[in-house]
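Scroll down for the structure; my scribbles are underneath it.
The values are calculated or read from the model by the stated rules, or taken from the named source; none is laboratory data. From a predicted model like this one, the values you see are computed outputs, not experimental measurements. Glycine also receives a Cβ, built like all others from the backbone with ideal geometry; neighbour counts cover every protein chain displayed.
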Amino acid sequence: MEGVNVSTHPEIPGEPTQTGTALLEKATAAFQGFGPVNKIHQHLCAFHFYGHDMTRQVEAHHFCGHLNDEFRQCLIYDSPDDDGRLIGLEYIVSEELFLTLPDDEKKFWHSHEFEVKSGVLFVPGVPGPVQRQDLEKVAKTYGKVIHFWQVDKGDKLPLGIPQVMMALTRDGQLYENLAQDVEKRYNISFEKERENRAYIKGPAHGIHPMANAAGKGLQTVLREVDCKHEKSTRVFV
Amino acid sequence: MAGTNGTGAQAGDEIPPGKRMNMEQHMLDKGAQMLQSLKPIKQMSQHACTFALYSHDTTRQIETHHYITRLNQDFLQCAVYDTDDCTGHLIGVEYIVSDRIFETLLPDEQKLWHSHAYEVKSGLWANPRVPEMVARPELENIAKTYGKFWCTWQTDRGDKLPMGPPALMMSPQGVGIGIVDPVLVQKRDEKYNISSDALKTARVEIAEPEWLNPQADYWKQHKDKGFCIDVETTEMKTRAPFP
């Protein structure tokens, strides 16, 4: 099915959460620490498209935490609200770490330079000068995005297999209506922000030719295999 | 490379490698956190610790930490980490649906999902630091659900950075290649000062689902077959040049 290329938020089938269940979860949360989740401290908004199909584009709300100065891990939701669907995840690494990856791995990773410099990637609610301090770093990084839930084609549930996603690398790729929708909702102008970010530099060595799938499409396929189970056969057969 | 059947990184491991954060970055993070509401993250209401097996190689087994958000009575979404402290690596995402929803899925979809009844009944599924009595009603819900778990960072084999395509994960079961390594369970139990055996006894009363769909836990009814994801290079459908 074709993507619809408007911001979608499909209704998930199922009964409303029972009051008892909701109360229970409040109680449960009160006992628990939520360690790794507490490291999530930043909301970034951008767009992804499918590794094999640029014409299917998805607004992606990233909730990111640093593991160190060169590595961020992000949960991706289709909306920044309470009922946001968790549709995927992204890993963001410094140029230095990216360059340590084997060549066969590099294809999964996309550059961030254009997303930042075009103004399209932004940090909602954070003043321009403050967000630009961080975006100066992001512009030099590479990201690996996997989506598990194809909300753009209206899937009410996460169906099928994971998809490798790519991101914007030049003008003319992003649908105007998707851009305008976000600009209106957040009262921002990508064009104006682009001017503000003109000074920002991308990776020191330039964008690696193997990144962005080397300009090809990437498509995931499912393969049935024998589970390896030497240990078990020895013990149980 | 063989899995170490550990819980991922221990203190001192450099997974991932990289420079430490400086004060400026800490300030930027704090600032963003204060200005942004991070609503979907605040909806996470439950931490569960359990185990998972790689579908393509069930001898590789990992301890998992699920941070769970309920979107309605029949659907939960989980961010999965390899430890429960602030160094935890985000290793994947799991979706959980009620048996009612699961039965509406097509067989080709169902084969990617695993059942949760055994995990709950055997005491493998634990909610750390939550009294069993409090967790009980939710455990009764979970016992009747199915999950679909994609792992994107194989820290168990020592990957310092996320490598390769995502891997499908299966749940522990009481038979055959689904049996989880007791050493892994013991390690977890010691960390939280719990006993999976005692939990198992305490959960005897939890009703078994009347029927487990045989398309789930695919390997059980399909000669120990599993699934893996390959990535093929194709032409990209474009609307402007790429990259």
Residues in segment A:86-98: is at least one facing chain B (nearest Cβ under 9 Å) and part of a loop (DSSP other than H, G, I, E, B)? yes
Within segment A:135-154, the residues that are among the basic types (Lys, Arg) and assigned to a strand (DSSP E or B) are A:144
Is it the case that residue A:203 is within 11 Å of chain B (Cβ to nearest Cβ) and in a loop (DSSP other than H, G, I, E, B)? no
Applying the selection to segment B:144-172, what residues are within 9 Å of another protein chain (Cβ to nearest Cβ) and of a type in the set (Phe, Trp, Tyr)? B:150, B:153
All-but-one check, residue A:185 against (1) more than 7 Å from every other protein chain (Cβ to nearest Cβ); (2) in contact with a Ser or Thr (Cβ under 9 Å, 6 or more places away or on another chain); (3) surrounded by fewer than 14 Cβ atoms within 10 Å (Cβ to Cβ); (4) part of a loop (DSSP other than H, G, I, E, B), failing number (4)
Do we find a residue being assigned to a loop (DSSP other than H, G, I, E, B) and within 19 Å of the chain's Cα centre (by Cα) anywhere in segment A:40-63? yes
Is it the case that some residue within segment A:142-153 is among the hydroxyl-bearing types (Ser, Thr, Tyr), more than 9 Å from chain B (Cβ to nearest Cβ) and crowded, with 24+ Cβ neighbours inside 10 Å? yes
Checked segment A:99-114 for anything assigned to a helix (DSSP H, G or I), among the hydrophobic types (A, V, I, L, M, F, W, C) and at the interface with chain B (Cβ under 10 Å from one of its Cβ atoms); matches are A:114
Positions within segment B:165-180 being over 13 Å from residue B:125 (Cα atoms) and surrounded by 17 or more Cβ atoms within 10 Å (Cβ to Cβ), in sequence order: B:165, B:166, B:167, B:168, B:169, B:170, B:176, B:177, B:178, B:179
State whether one or more residues within segment A:66-85 are at the interface with another protein chain (Cβ under 7 Å from one of its Cβ atoms), touching a residue at least 60 places away in the same chain (Cβ under 8 Å), within 21 Å of residue B:35 (Cα to Cα) and among the polar types (S, T, N, Q). no
Of all the residues that make up segment A:115-139, how many are touching a Cys at 6+ places or on another chain (Cβ under 9 Å) and either within 12 Å of chain B (Cβ to nearest Cβ) or surrounded by fewer than 19 Cβ atoms within 10 Å (Cβ to Cβ) (or both)? 3
Kindly indicate whether residue A:79 is under 16 Å from the mean Cα position of the chain (by Cα), surrounded by fewer than 24 Cβ atoms within 10 Å (Cβ to Cβ) and small (Gly, Ala, Ser). yes
Among the residues of segment A:94-113, which ones are more than 16 Å from residue A:217 (Cα to Cα) and not acidic (Asp, Glu)? A:94, A:97, A:98, A:99, A:100, A:101, A:102, A:112
Restricting attention to segment A:16-32, and to residues there that are facing chain B (nearest Cβ under 7 Å) and among the small types (Gly, Ala, Ser), which single residue is nearest to residue B:129 (Cα to Cα)? A:29
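To keep it simple, each residue is scored yes or no on (1) surrounded by fewer than 21 Cβ atoms within 10 Å (Cβ to Cβ); (2) of a type in the set (A, V, I, L, M, F, W, C).
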{"site": "A:29", "(1), (2)": "yes, yes"}
{"site": "A:45", "(1), (2)": "yes, yes"}
{"site": "A:62", "(1), (2)": "no, no"}
{"site": "A:100", "(1), (2)": "yes, no"}
Among the numbered conditions (1) touching a strand residue (DSSP E or B) at 6+ places or on another chain (Cβ under 8 Å); (2) within 11 Å of chain A (Cβ to nearest Cβ); (3) touching a residue at least 24 places away in the same chain (Cβ under 8 Å), tell me where residue B:199 comes up short. (2)
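Collect the residues in segment A:196-228 that are in contact (Cβ under 8 Å) with a residue 24 or more places away in the chain and not aliphatic (A, V, I, L, M), keeping them in residue-number order.
Hits for segment A:196-228 are A:196, A:197, A:201, A:202, A:203, A:205, A:208, A:212, A:216, A:217, A:219, A:220.
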As an exercise: evaluate residue B:135 against (1) surrounded by fewer than 21 Cβ atoms within 10 Å (Cβ to Cβ); (2) part of a helix (DSSP H, G or I) and give the number of the one condition it does not meet. (1)
Quick one: what pairs do we get from segment A:165-177, first residue closer than 15 Å to residue A:212 by Cβ and more than 7 Å from chain B (Cβ to nearest Cβ), second of a type in the set (Ser, Thr, Tyr) and buried (at least 23 other Cβ atoms within 10 Å of the Cβ), C-beta under 8 Å, 6+ apart or different chains? A:165/A:50; A:166/A:50; A:167/A:111
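Here's the yes/no breakdown for (1) of a type in the set (A, V, I, L, M, F, W, C); (2) under 27 Å from residue B:128 (Cβ atoms); (3) at pLDDT below 95; (4) out of contact with any Gly (no Cβ under 8 Å at 6 or more places or on another chain):
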site: A:33; (1), (2), (3), (4): no, yes, yes, yes
site: A:38; (1), (2), (3), (4): no, yes, yes, yes
site: A:76; (1), (2), (3), (4): yes, yes, no, no
site: A:91; (1), (2), (3), (4): no, yes, no, no
site: A:112; (1), (2), (3), (4): no, no, no, no
site: A:121; (1), (2), (3), (4): yes, no, no, yes
site: A:126; (1), (2), (3), (4): yes, no, yes, no
site: A:140; (1), (2), (3), (4): no, no, no, no
site: A:143; (1), (2), (3), (4): no, no, no, yes
So how many residues does segment A:119-154 have that are under 21 Å from residue B:151 (Cβ atoms) and of a type outside the set (Phe, Trp, Tyr)? 6
